[in-house]
Amino acid sequence: MSEQTALLDRYGLIGYPVAHSKSPIIHRLFADQTDQSMTYELFAAKPDDLESTVRSFQRNGGRGLNITVPHKANVTRLVDEMSEEASIAGAVNTLVITPEKIVGHNTDGVGLIRDVQVNWKYALEGKRILILGAGGATQGVLGPLLEEQPEVLVIANRTVAKAQALADHFGMLGNVEAKRFGDIKSMPAFDLVINATSAGLKGEQAPFPPQAIEIGRTACYDMSYGLGETPFNHWARAMDAIKVRSGWGMLIEQAAESFRLWRNVDPDTAKVLKQLPTEN
């Protein structure tokens, strides 16, 4: 680390793997736009190395970290305080760090809601929403989704037990149901289908239920993103979904919320979205 770099505030991302991450580009664009003096590094840490990596970063003056798979749940045991959003989600994707303490936040849900309702201009209140998958991606966004008061939010998964555990945990916030993928065949169509799985990305048969879509009514949102169209969005267009969007905007919006927590400034996310090679 050069003497000049050592004078800058340090931030970064911990996950495994992380080499593919676009977060350094996004935060550099935020920093340039808002005239912030900071660095953003990538830390590839296996689960056994998570605590030592976080503690070392804190000891060496690090100011904040983003947390990605597979650490979002396990990092909760390292924090001294958790925000309400992180506590409800049971997962952390952002650490605000001082020498004295570490505070855990979760900005995933905020990122999704802002991208859907502000950037995509799709209102969630009163909608029938289906979310595919019951993993960490779903867990991180259920609370903010339910705060928007949809008519019902159905979680579909290969095994209903994982979906039911989430439905039980978040049921106090709204109308949540747990189903198997196959159960969707006998249900009415939905207004919005959100893909929170990696299905189809490796060529396997994807459990996308055609019965969930009604032509002229159903919108589809993929929390995944890539330089090309995702398998889910390709399927959604073939099914004549009225609106289709990938997770680039969510990625940028959740990063912006982390940036606000760290630097107390508001980056222009629309400008950054235009600067990245997305398909939206």
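Listing for the model above:
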| quantity | calculated |
| --- | --- |
| Theoretical ellipticity at 222 nm over the chain - DSSP helices of four or more residues, -39500 (n - 2.57) apiece, nearest 500 | -9500 deg cm²/dmol |
| Only Lys, Arg (+1) and Asp, Glu (-1) charged, at Cβ; the stretch 170-280 dipole about Cα centre in debye | 60 |
| Packing rank of 108-117, 256-265, where each peptide gets the mean count of other beta carbons within 10 Å, highest leading | 108-117, 256-265 |
| For the chain: Kirkwood Rh in Å [reciprocal of mean 1/r, alpha carbons] | 19.4 |
| Where N is the number of residues in the stretch 140-205, Cα Rg divided by 2.2 N^0.38 Å | 1.14 |
| Computed label-point distance, nm, for sites K121 and R77 using a 7 Å Cα→Cβ extension | 4.8 |
| Largest-first principal axis extents of the Cα set of the stretch 1-151 (Å) | 55, 35, 28 |
| Tail beyond 20 Å, pair distance distribution of the stretch 64-192 (Cα, percent) | 47 |
| Cα-only Debye scattering, the stretch 67-122: base-10 log of I(q)/I(0) at q = 0.14, 0.15, 0.17, 0.26 Å⁻¹ | -0.40, -0.45, -0.55, -0.94 |
| Sparse-neighbour loop sites [GluC sites (Glu not before Pro); the stretch 47-134; at most 16 other C-beta within 10 Å; DSSP] | E100, E125 |
| Net charge over other residues, Cβ less than 13 angstrom from the Cβ of T159 (K, R count +1; D, E count -1) | +3 |
| Fraction of beta bridges assigned by DSSP in the chain that are antiparallel (%, nearest 5) | 15 |
| Stokes-Einstein translational diffusion, the stretch 15-80 - Kirkwood Rh over all Cα pairs, 0.890 mPa s, 25 °C, in µm²/s | 190 |
| Out-of-range pairs (alpha-carbon distance over 22 Å; input K162/K243; K46/K274; K127/K179; K72/K185) | K162/K243; K46/K274; K72/K185 |
| Inverse of mean 1/r across different Cα pairs in the stretch 222-280, Kirkwood, Å | 12.6 |
| Difference of contour (0.36 nm per residue) and Cα-Cα distance, R59 to D32 | 7.1 nm |
| When the convex hull of its Cα atoms is projected in every direction, mean area for the stretch 94-168 (nm²) | 6.2 |
| Taking the C-alpha atoms of the stretch 161-280, convex hull volume expressed per residue in Å³ | 149 |
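Every number here is computed from the coordinates shown, using simple stated rules; none is lab data. No experiment lies behind these values; they were computed from the predicted model shown. Note: ideal-geometry Cβ built from the backbone for every residue, glycine included; neighbour counts use all protein chains shown.
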